[in-house]
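The block underneath contains the structure these notes are about, expressed in structure tokens.
We did not get these values from a lab; they are worked out from the coordinates using the rules stated. Computed from a predicted model, the values in this text were never measured in an experiment. So basically every Cβ, Gly included, is an ideal-geometry build from the backbone, and we count neighbours across all protein chains shown.
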Amino acid sequence: MNIGVIIPLVIFLIGIFAIGFIASKQMSGEGGFLQQYFLGGRELGGFVLAMTMVATYGSASSFLGGPGTAYTVGFGWILLAMTQVVTGYFVLLILGKKFAILGRKYNAVTMIDFLKARYNSPLVAILSAIAIIVFLFSAMTAQWVGGGRLIESLTGLQYTTALFIFAISVLVYVTIGGFRAVALTDAVQGAVMVVGTLVLLIGVIIAGGGVPAIMQDLINENPRLVTPYGADGTLTAAYVSSFWILVGVGVVGLPQMAVRAMSYKSSRAMHRALVIGTIVTGFIMLNMHLIGVFARPIMPGIDIGDKVIPLVALEVLPPWLAGIVLAAPMAAIMSTVDSLLLLVSSAIVKDVYLNFIKPEASETTVKRMSFGVTGILGIIVFLLALQPPELLIFLNLFAFGGLEAAFIWPVVLGLYWKYGNKYGAIFSMITGIAAYIAIHFYNTANGNLLGVHTVTLPVLLSLAAYIIGSLAVKREAYQF
């Protein structure tokens, strides 16, 4: 166990707990407990909004799984990963003002609140809750695995013990502090991600003898590592282009991102977040994946891709600096998992319990339910993460695709198309989810259908279903 590495990480975790405790003392104000716990009172400024979006999206996949896959595939995966630069831009540009205005009009605390009010349909709310709970369990499991593997790599502890430490750390401050704690810690964690990424990139380049030497080593091993097509030539133009739907424009359908588009305090804050978020996302995505590829000549033969970043940090940096740098992936993982925990908790407490089981529940009961459900969810995900997959990025991307197939058109067309109605939304969600699951299993057994990513066809089919359902069943105009 390397004490020099662990001490900076422990200090970082103590700081995160302190922020969560302070945030818990501020859960009063306009909107009551629900607005404060699940939405931070809609008071986020531009910098905090940008960093919470970056930190929420920049997860274990970005800091462990993505670089680990780049280590295996080469520069082609960097090209594919850079499609993510536009995520925050698209979310705020497309949802932006209109989503926030209608969210306030409907007094919506969650995305399901918005969908239920927009379509005036309990069935839409129920389908939305089911989709969030099912797919986000996959996403949360990926983050838990990432956190466990990171602590395992740093401390030498068994994976199960490391996973338990990570789970307790996250649950304590999320359960206590709610969305405000998540947003404030995301701002700190986002800054840690940027600094950690830069320091580790410099360390890897120096250890490899400079960029020209690293590139020559890659070419000598396998010339395909420096091409857009990947080490085994499987990254075709069709696949990379369709991947842009999954991690680019399709991100507007992710509930954990959409909810942030209704949490800012002013238009100025949104515009500032749009610029800051795009720049920071581009910096992190490019350089973390570069580190993954550049690590290959320095540390050949790493068998579990998700361990590439912690192992190379320990190799090329002094222990104390490695501990500071590895706070970046820890920050990324924690900031994503806290957001997902709150999202699933809000789906259960706000969108199912309060809407359909006990609408008259007191605020005290809601508080207890919120804390209890968040804790129970964490325990369930911990149990699911005990048997981790080899590359957690694909578990995370599976969840992304399912959520986008379910939500992208009910959200976007619900905002901008007056003829969109509950029939279109219901048809779109059922079609998107069913098609996504069916094509996922087909692709797993037979390779990608038509050479494109799994999410592509379900998104197109769900669009057709939305339009047909809205116009064919009952055409009616919605008054915004």
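Figure the gain on full extension for Ile130 and Glu363 (residue separation times 0.36 nm, minus the Cα-Cα span) and round it to one decimal in nm.
Additional length available on full extension: 81.4 nm.
With n ≥ 4 as the cut-off for DSSP H runs, can you work out [θ] at 222 nm for the chain, using -39500 (n - 2.57) per run divided by the number of residues, rounded to the nearest 500?
-23500 deg cm²/dmol
Under 29 Å Cα-Cα from Lys105, which lysines qualify once same-chain neighbours fewer than 8 residues away are excluded?
Lys25, Lys97, Lys116, Lys265, Lys350, Lys358, Lys367, Lys418, Lys422, Lys474
Please state the charge dipole magnitude for the chain, taken about the Cα centre, from unit charges on C-beta atoms (+1 on K and R, -1 on D and E), reported in debye and rounded to the nearest 20.
1640 debye
Want the number for Tyr442 to Arg268: 0.36 nm per residue separation, take away the alpha-carbon distance, what's left?
Residue separation times 0.36 nm, minus the Cα-Cα distance, leaves 58.0 nm.
Run through every distinct alpha carbon pair of the stretch 52-143 and return the Kirkwood hydrodynamic radius in angstroms, one decimal place.
15.7 Å
What do you get for Rg/Rh over the stretch 338-480 if you use C-alpha atoms and the Kirkwood form of Rh?
1.05
How far apart, in nm, are the 7 Å Cα→Cβ label points at Ala464 and Ile7?
6.3 nm
What distance in nm separates the simple spin-label points at Thr161 and Asn220, each placed 7 Å from Cα in the Cβ direction?
4.0 nm
Per-residue counts of other Cβ atoms within 10 Å, averaged by peptide: what ranking do you get for 78-88, 287-297, 94-104, 207-217, highest first?
Packing order, densest peptide first, comes out as 287-297, 78-88, 94-104, 207-217.
How high is the FRET efficiency between Leu311 and Leu384 when r is their beta carbon distance and R₀ equals 22 Å, given to the nearest 0.05?
0.30
Using alpha carbon centroids, what distance separates the stretch 432-480 and the stretch 266-324, in Å?
After rounding, the separation between the Cα centres reads 34 Å.
Charges on Cβ only, +1 for Lys and Arg, -1 for Asp and Glu, centred on the Cα centroid of the chain; of Ile214, Gly233, Gly420, which one is farthest towards the dipole's positive end?
Checked the options; the winner is Gly420.
By average Cβ neighbour count within 10 Å, what is the ranking of 189-202, 62-75 from highest down?
The densest-packed peptide leads the list: 62-75, 189-202.
At 20 Å minimum axial length over the Cα atoms and a Kyte-Doolittle cut of 0.5, report the qualifying DSSP H helices in the chain, or say none.
Membrane-span-like by this rule: 3-24, 122-155, 159-207, 267-298, 327-346, 363-384, 392-416, 422-446.
As I understand it, the dipole of the chain uses +1 on the Cβ of Lys and Arg and -1 on the Cβ of Asp and Glu, about the Cα centre. Which of Phe294, His453, Tyr71 lies farthest toward its positive end?
Of the listed residues, the answer is His453.
I'd like to compare 397-407, 9-19, 249-259: which one has the highest average count of other Cβ atoms within 10 Å, and what's the full order after that?
397-407, 249-259, 9-19
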